[in-house]
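The structure appears right after this line, and notes come after that.
The values are calculated or read from the model by the stated rules, or taken from the named source; none is laboratory data. All of these numbers come straight from a predicted model, not from anything done at the bench. A quick note on method: Cβ atoms are made from the backbone with ideal geometry, for glycine too, and the neighbour counts reach across all protein chains shown.
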Amino acid sequence: MRSFSKNKRRQKPDTALVALWLGIWIFLSVFVLYPLARLIYVVFFSDGGVSLAVLNKVFSSWYNRKAFINSLILASAVGISGTAFGFLFAFSVTRINLPKIVKWFISAIIVLPFVSPPFTSSIALTMVLGPNGLLLKLLHIPDFNIYGFLGTWIAETLTYFPVAFLTLTAVLQAIDPNLEDAAMSMGSTAWHTFCTVTLPLSIPGLANAFLLLFGSSLADFATPLVMAGHTFPVLPTQAYMQITGMYDIQGGAAISFVLLVPALIVYLLQHYWVEGRYYVTVSGKAGARSKPKGAGTIAEAVMLAVISFISLFIIFLYSIIFLGSLVKVWGVDNSFTLENYMYVFTVGWKAVKDTVMIALVSTGIGSVLGVAIGYLVNRKELPGRKALEFMSLLNYVLPGTVIGIAYAIAFSSGPIVLTGTMTIIVALCVSRYDATGIRATTATLKQIDPSLEEASLNLGASKLTTFRKVTVPLIAPAIATGTRYLFVVSMTAISATIFLVSVRWSLLTVRILECITELLFAQAAAFSVVLVLIVALAMWAIRLLFSMLYPNYFREQRGI
Amino acid sequence: MTVPIYLKHLTKVFYSNGTALKAVDDVNLQIEAGELVTLLGPSGCGKTTILRMIAGFETPTEGQVFIGKRDVTDIVANKRNIGYVFQNYALFPHMTVFDNIAYGLKVRKLPAYEIKRRVTEALQMVSLEGVENRFPNQLSGGEQQRVALARVLVIKPQVLLMDEPLSNLDAKLRIYMRAEIRQLQKKLGITCIYVTHDQKEALAMADRIAVLNEGKVEQVATPFELYVNPASLFVADFIGQANILKGKASSIKGELMDVLFHGVTFTVQIDAQRRFKFNVGDEVALVVRPESIKLGNADNRSLKGKVVSTVFLGDEIEYAVEITSGDLIRVTEPYRKDAHLYSEGETVGLYLDPLDIKALPV
């Protein structure tokens, strides 16, 4: 028996790899851990020691306590309604035979909220149901008040249900239609099959969608700021008011910190409870797939009626935004004008320029970083991989308000001062929004057998050549996804960035918010339209870029 | 130029969550130039890990790998000039067949006309022409297999490593391809290590077979030798089918040993090298192949048993017989027109030819 202690061989560390690894650790330490540490310090250290004084002070106010409860109520309501809408749409697309054009139409509607600035549904709702609202005039109910819980709830549901739709579409597609066939062959009706097979199998997906929406609503800052008014305070807006209205950064930090607790609970539930509960019904070779079964004629008719109504309403809202950007004063003087766009390109031009600049730089840095982190964590045996993966997703998982306040505190004093610079906004966008790229890269790499990379090495290619010629082309779709997401959210973000803007660097979303608070809805609408157009243009450009770089990117099946 | 492979004290320990798993345990193996050796064993026996260490995808915990006279243990995978065919073929899905095969040549910076010539030649070698511009997912499993083979042969590797290359093909194609691969290997005279868990494939292709169990080499021998003279119970059980009867050595005289099994004494031959492993009074395992047992009427020279199942397979008849010791014995008889088919429940005598019995220490 030979002993293993002596002469043990170790793989030689790669200097470039180690340098990159260290670089990422430093980046994440400075832009993820450090701000959070400073936030926690501000909340828990006062009068020279650890104390709960700050938290106590904040929550001695009934208004703040009410905000906490309101936040939870709103998040639950949005979670339930959004998941229900998402399921209706997902079921219709995956299980009912709809004409192609209708499916295309639905996916277009689903994409709209993703590429719009966060206020879009709020602005539109205000224009329709707010003071001087279009529908109110048509229906002759002038006293109707949209502000408060109702308006926030409707606006957030419309903004976030596409998230539930995407989650549930994936879940429903993974349910083997043979199971439904089996139920039907045993004499079950379509509706009974739906209730006893399809719906129960979707429960983990529904739970996941609910948690996702709950988290999104909890962290949403933009919608309540416009829609909630004074009667319905929620935590993110309260934190903002505390800082901008009362110049009490410590109080704001404390309020945002309270937001962390439910956000973390939701995240943990999602990862350790829901993910283990998915029923796996597809494995390896699927047999012949049969035609989708619906849910019975009556149920289908009801479903289609509901989704048609919702779809039309969404289209109506978006058309209102577009129309609203072309009139003088919405609801008062409805004559056609291009003044609002003139306003965007003169007064608002700096914001447009700054936002595009920040989005471009963030997208460039973030997509490279996302691929690097995803690749290193999944393909290289380096120390602390799990910790690094967790850290890289932390800024994304936590509510934007928390991160924004943490950044504002951390980089306004101390060793690193970045207040008012472009660096601070870019660093936030990169560390917060590269998460999608990391996740997409991870998911794609898990599907790519390492033997492909080994085959390349075996044929004599170096590690770098292997990475360039084999790995990158294969994960190109994931890189494209990450890049698109980074650009969109860098353009539309507000909840975190609003704490970081300055005279020198302004953002489109912040300008939209200013317009709304000054009741310049037409200008706000014009800004929104311009923003959507820029995002659409960028999507197209990114698609073109990737299809040129990796011509096989669009090949439908990739086999093996 | 064809070269031998030499594995010296090759060991691999995997560490996960604080526990160490010895996947490969002090393997010593010499593969001659131009020889095809299969590594055969159940899944998890370390056969693929050995192959991956030779290719340089894994670093041995201990020991060395020699290709020819060169110690390649510390040489990175892309400098070894070894051909490796993967179980899943590992064809690059984003490249055409031509680009897949040309990959290794482009890395070596050969001129374009030379690349084109050699790719064409490689495709001819595996009898696959006219698919240069297709993508891997547009090919059948057998065609993908050929492309994978062409892709490694085109770089003229010193040795060829194959990791269960046929396991994703259907049964008929597997038999066809194994003959073709063997022919090609002989023609090129390339030293080859072929990993499989399919004993028929190993027996059909190999010059020699190395049987592995739990990271250790159990026996290295020609297919014939392995079947006739298994060195251990594991090998006897793994190669072909074997009945294993546990009896007691009652006397040993020279190369003959008497073994008592449930009242019947079998005189078996033991070869000189194994002589010292047996002592009178020890428990001894008797390995009997199902086809070397004859059924007849029971007498005092035979074991007595009752037929539990009879399966007619066309070319042979397979019986399971429960003998008085309680052991279930498998017997196969070749089909003859006048064969007697014993029915289930019938009492029979089992006649074992002492020359076909292999004694092994327990």
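Just one of the listed residues (A:I146, A:I141) is free of Cβ contacts under 8 Å to residues at least 12 places away in the same chain, outside any helix (DSSP H, G or I) and touching a Leu at 6+ places or on another chain (Cβ under 9 Å), namely A:I141.
In segment B:106-121, of all residues being not in a loop (DSSP other than H, G, I, E, B) and not charged (D, E, K, R), the one that is nearest to the other protein chains (Cβ to nearest Cβ) corresponds to B:V107. Residues of segment B:75-85 that are more than 8 Å from every other protein chain (Cβ to nearest Cβ) and surrounded by fewer than 18 Cβ atoms within 10 Å (Cβ to Cβ): B:I75 alone. Inclusion of A:F59 among residues that are modelled with pLDDT under 85, surrounded by 13 or more Cβ atoms within 10 Å (Cβ to Cβ) and within 14 Å of chain B (Cβ to nearest Cβ) is not warranted. Annotation: B:Y103 fulfils all but one of (1) facing another protein chain (nearest Cβ under 9 Å); (2) of a type in the set (S, T, Y); (3) outside any helix (DSSP H, G or I); the unmet one is (3). Checking A:L519, A:L513, A:L537 one by one, the residue that is at positive phi and either modelled with pLDDT of 85 or more or assigned to a loop (DSSP other than H, G, I, E, B) (or both) is A:L519 and no other. A:L464 falls short on exactly one of the conditions (1) closer than 30 Å to B:V159 by Cβ; (2) modelled with pLDDT of 90 or more, and that condition is (2). Could you please let me know if A:F546 is in contact with a Phe, Trp or Tyr (Cβ under 7 Å, 6 or more places away or on another chain), of a type in the set (F, W, Y), modelled with pLDDT under 90 and within 30 Å of A:N132 (Cα to Cα)? No: the conditions fail for A:F546.
When segment B:132-141 is filtered for residues that are under 19 Å from B:I115 (Cα atoms) and either small (G, A, S) or away from chain A (no Cβ under 12 Å) (or both), the ones remaining, listed by number, are B:E132, B:N133. I'd like to check something: does segment A:469-480 contain any residue that is within 14 Å of another protein chain (Cβ to nearest Cβ) and on the phi > 0 side of the Ramachandran plot? Within segment A:469-480 (the criterion being within 14 Å of another protein chain (Cβ to nearest Cβ) and on the phi > 0 side of the Ramachandran plot), the answer is no, since none of the residues qualifies. Restricted to helices (runs of 4 or more DSSP H) entirely inside segment A:368-452, those with at least 3 residues that are touching a residue at least 24 places away in the same chain (Cβ under 8 Å) and closer than 23 Å to A:Q242 by Cα are A:400-410, A:422-433.
Pairs are defined by a Cβ separation below 6 Å, a sequence spacing of at least 6 or placement on different chains, a first member in segment B:184-202 that is assigned to a helix (DSSP H, G or I), and a second member that is aliphatic (A, V, I, L, M); the pairs so defined are B:Q185/B:L36; B:Q199/B:I239; B:A202/B:L40; B:A202/B:I209.
Being assigned to a loop (DSSP other than H, G, I, E, B), under 24 Å from the mean Cα position of the chain (by Cα), more than 9 Å from chain A (Cβ to nearest Cβ) and modelled with pLDDT of 90 or more holds for only one residue in B:V37, B:V3, and it is B:V3.
Of the residues B:Q144, B:Q124, the single one that is crowded, with 20+ Cβ neighbours inside 10 Å and more than 7 Å from every other protein chain (Cβ to nearest Cβ) is B:Q144.
Are there any pairs, at least 6 apart or on different chains, whose C-beta atoms fall under 9 Å, with the first in segment B:320-348 and over 14 Å from B:I244 (Cα atoms) and the second of a type in the set (G, A, S) and in a loop (DSSP other than H, G, I, E, B), and if so, which? Correct list of pairs: B:T324/B:G263; B:E333/B:A339; B:Y335/B:G314; B:T347/B:A298; B:V348/B:A298; B:V348/B:S302. Restricting segment B:86-100 to residues that are outside any loop (DSSP other than H, G, I, E, B) and in contact with a Phe, Trp or Tyr (Cβ under 9 Å, 6 or more places away or on another chain) leaves a set whose member that is farthest from the other protein chains (Cβ to nearest Cβ) is B:V97. Only one of the listed residues (A:A427, A:A478) is at pLDDT 90 or above and aliphatic (A, V, I, L, M). That residue is A:A427.
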